[in-house]
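Colleague: Let me give you the structure first, and then I'll get to my questions.
The values are calculated or read from the model by the stated rules, or taken from the named source; none is laboratory data. Note that the structure is a prediction, hence the values are computed from the model and not measured. Glycine also receives a Cβ, built like all others from the backbone with ideal geometry; neighbour counts cover every protein chain displayed.
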Amino acid sequence: MAMENTAPCGDFGKIVADLESENLVANVSAVNQASALIAGGKIPEPQLLCRLIAGLASNLEKPDHDSAIKRCVSFTLKAIRVAVIKNRMNMDSSARGEALHAIWCCFMDQGLRRIQRDSNMVRLWTVQDQLSAVKIICTFFRLSPVNISDTRCVTAFASLMLSPYSTVVCACADALLSLPPVVPGFSFAIARAYCHMLATVSPQSPLEVSSMVAMLGRLKQVSTTMVHHPGFSDLAVDVLAALSNCNLAVRKNLLNLMVRLLTPRNISAVLLLLDNELNRAANIHIEYHKMLEEAIRECHAAFPGCIVEFTLDPKYSVFIDSILYIIDIMNPDQSLRGPLLKGLLRALRHVKSPLVCAAAVWAISMFSGSLEEVSDAIVALSCFFKDLLDRRKIEKLILGGEAENQYKLSTDYYGVTAGDATQGKHQQPWLMEMEELLFVRIGLTRQAGGSYAIPSSSKSSASSSNAYLPEPLGNTDNLIFLVHSGDALLADFVEIMLSNLKKKVKELE
């Protein structure tokens, strides 16, 4: 039947006015009239059509309308969409596009409301409804990155990842690849919500086990897209909480994912949780016990030596960010190790703050590889910090167990609090000094591709004989003021680094 644009235009004007009113009786009457006219082949002029669509859509959102009225609205909108697609009223392309977009938005909003209402139960819908839900959620997130803060949609997507239908699980897995580049924070939010659900949902069939394993593998694959999220360091703990899921295959893949999420800031908490889980599992399941032992070994392999030792002690957390700054420079190019080590030994006397000093001392301890390098590092650190270490020894003899109360952790002194450090908040005072130390005094340069280099002139001067035979600190050296400050925390940290260097000597001899 061909649509007519003629007689009922006035009727549609009244219908639109009634749809837009706050009178529920008038709303219901207008919905019924519009439905009857559209079914009878009538449709308003294009300029009134979008108002009619918007009026019908607004009545879908009104909670006081019963389901019968809302179904009538949906059927009417679908009938209008069919008519517009077939262009029965000879609309121009612009008007048709506007009308179809308005109807699409209406059905999107309707679907989104249903998803938000049943966010935890969407995986119980029909397979077609679940696939539609995946599309709607993905579209919703693509429309604006801020939508990722809608926890109901995040929960719904995580629920769909647990769907009993493989086609739905595959659709979610595809979205986990395509969405992170355009929706910052998507993979992080989904991973967290999914692990929370895994903690309470045990697989009931081999297919569900396979789906969970596949999803955890996909999260591991996209884990690199999460690293810049402020809460990234907390995610490994969320993953470990899902170990309450008793399926061994799921547990194994949770542990594999956890290893990809390790950072210096979470390593201590992760090791503590794994150790507690290991103790609980000792007499329960041998295979699971072996999985946990392997995970602990991987943690130590990821952060060997003193990096684990000092992060396990919360009192040194204020040093983490400054150390990470040097690690980030070193990780891509290990060839910088030698030149940077020599540069740090030469420039250490210019350091002013405890944070930069601790990072430099840590780097000297870690980058010293050969017996000659280790020996020279011990000589340099012992020379520079002799007064500080001697004073600390006397404090410990006098104060005994009270010596640890001498730590100065004020924001004014360090430029950062322990809480700031563990949350990754960089503070300008130490950062500016670190850049001066590395880029000005040592001569480090940043290349066009993002890599770093030390010019040959800096290397040659850094490798002079004076670099490894330092003269005692003079009154004009910045470091002397730090040494004379009696910083107890820095003194204990330097003592640990020296102890590690002395262990290296025994290993290398």
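Colleague: Just give me the residues in segment 221-240 being closer than 25 Å to Ile320 by Cα and of a type in the set (A, V, I, L, M), in sequence order. Don't jump to the end; show me each part of the working.
Modeller: Going residue by residue through segment 221-240, those that are closer than 25 Å to Ile320 by Cα are 223-240.
Once the filter is applied, which keeps residues that are closer than 25 Å to Ile320 by Cα and of a type in the set (A, V, I, L, M), segment 221-240 yields Met226, Val227, Leu235, Ala236, Val237, Val239, Leu240.
Colleague: How many residues are in contact with a Phe, Trp or Tyr (Cβ under 9 Å, 6 or more places away or on another chain) and of a type in the set (D, E, K, R) when one looks only at segment 221-251?
Modeller: Total satisfying the criteria: 1.
Colleague: Quick one: in segment 130-171, of everything that is of a type in the set (Gly, Ala, Ser), crowded, with 24+ Cβ neighbours inside 10 Å and touching a residue at least 40 places away in the same chain (Cβ under 8 Å), which residue is nearest to Ala242 (Cα to Cα)? Explain how you work it out, then say what you get.
Modeller: Applying the first criterion (of a type in the set (Gly, Ala, Ser)) to segment 130-171 yields 132-133, 144, 149, 156, 158-159, 163, 166, 171.
Subsequent filtering for residues that are crowded, with 24+ Cβ neighbours inside 10 Å retains 133, 156, 158-159, 163.
Add one more test, that the residue is touching a residue at least 40 places away in the same chain (Cβ under 8 Å), and what stays is 156, 159, 163.
Details: Ala156: 18, Ser159: 15, Ser163: 18 Å.
Per the criteria, the residue is Ser159.
Colleague: Same structure, new question: Quick check on my filter: what residues within segment 373-410 are modelled with pLDDT of 90 or more and polar (S, T, N, Q)? Outline the logic, then answer.
Modeller: Our first condition is that a residue be modelled with pLDDT of 90 or more; within segment 373-410, this holds for 373-394.
Those that are modelled with pLDDT of 90 or more and polar (S, T, N, Q): Ser375, Ser382.
Colleague: Could I ask something else about it? Among the residues of segment 219-247, which ones are crowded, with 18+ Cβ neighbours inside 10 Å, within 23 Å of Ser166 (Cα to Cα) and over 15 Å from the mean Cα position of the chain (by Cα)?
Modeller: Ala242, Asn245
Colleague: Right, here's the next one. Mind telling me which of the residues Val73, Val122, Val127, Val84 ends up being within 30 Å of Tyr194 (Cβ to Cβ), crowded, with 18+ Cβ neighbours inside 10 Å and of a type in the set (Val, Ile, Thr)? I'd like the intermediate steps shown before the answer.
Modeller: On the way: Val73 fails: within 30 Å of Tyr194 (Cβ to Cβ); Val127 fails: crowded, with 18+ Cβ neighbours inside 10 Å; Val84 fails: within 30 Å of Tyr194 (Cβ to Cβ).
After ruling out the rest, the residue left standing is Val122.
Colleague: Given Phe310, Phe303, Phe319, which one is aromatic (Phe, Trp, Tyr) and either touching a strand residue (DSSP E or B) at 6+ places or on another chain (Cβ under 7 Å) or modelled with pLDDT under 75 (or both)? Lay out the reasoning, then the answer.
Modeller: Working: Phe303 fails: either touching a strand residue (DSSP E or B) at 6+ places or on another chain (Cβ under 7 Å) or modelled with pLDDT under 75 (or both); Phe319 fails: either touching a strand residue (DSSP E or B) at 6+ places or on another chain (Cβ under 7 Å) or modelled with pLDDT under 75 (or both).
Answer to the check: Phe310.
Colleague: Let me ask something else. When residues of segment 197-209 are filtered for being assigned to a helix (DSSP H, G or I), in contact (Cβ under 8 Å) with a residue 24 or more places away in the chain and surrounded by fewer than 16 Cβ atoms within 10 Å (Cβ to Cβ), how many remain? Outline the logic, then answer.
Modeller: Step one: of segment 197-209, the residues assigned to a helix (DSSP H, G or I) are 197-198, 206-209.
Of the ones still in play, those that are also in contact (Cβ under 8 Å) with a residue 24 or more places away in the chain are 197-198, 207-209.
Remaining after also requiring surrounded by fewer than 16 Cβ atoms within 10 Å (Cβ to Cβ): 207.
Qualifying residue count for the region: 1.
Colleague: Which residue pairs have Cβ atoms under 7 Å apart, sit 6 or more places apart or on different chains, and have a first residue in segment 372-398 that is free of Cβ contacts under 8 Å to residues at least 60 places away in the same chain and a second that is surrounded by fewer than 19 Cβ atoms within 10 Å (Cβ to Cβ)?
Modeller: From residues that are free of Cβ contacts under 8 Å to residues at least 60 places away in the same chain, the pairs are Lys396/Ala403.
Colleague: Where in segment 411-509 are the helices (runs of 4 or more DSSP H), entirely inside, with at least 2 residues that are of a type outside the set (Lys, Arg), within 28 Å of Ser370 (Cα to Cα) and modelled with pLDDT under 90?
Modeller: Because the criterion is at least 2 residues that are of a type outside the set (Lys, Arg), within 28 Å of Ser370 (Cα to Cα) and modelled with pLDDT under 90, the helices (runs of 4 or more DSSP H) in segment 411-509 that meet it are 456-462, 488-508.
Colleague: Has segment 253-269 got at least one residue that is in contact with a Pro (Cβ under 8 Å, 6 or more places away or on another chain) and either surrounded by fewer than 15 Cβ atoms within 10 Å (Cβ to Cβ) or part of a loop (DSSP other than H, G, I, E, B) (or both)? Give the derivation first.
Modeller: First pass over segment 253-269, keeping only residues in contact with a Pro (Cβ under 8 Å, 6 or more places away or on another chain): 268.
Checking which are either surrounded by fewer than 15 Cβ atoms within 10 Å (Cβ to Cβ) or part of a loop (DSSP other than H, G, I, E, B) (or both) leaves us with none.
Taking every residue of segment 253-269 in turn, none turns out to be in contact with a Pro (Cβ under 8 Å, 6 or more places away or on another chain) and either surrounded by fewer than 15 Cβ atoms within 10 Å (Cβ to Cβ) or part of a loop (DSSP other than H, G, I, E, B) (or both).
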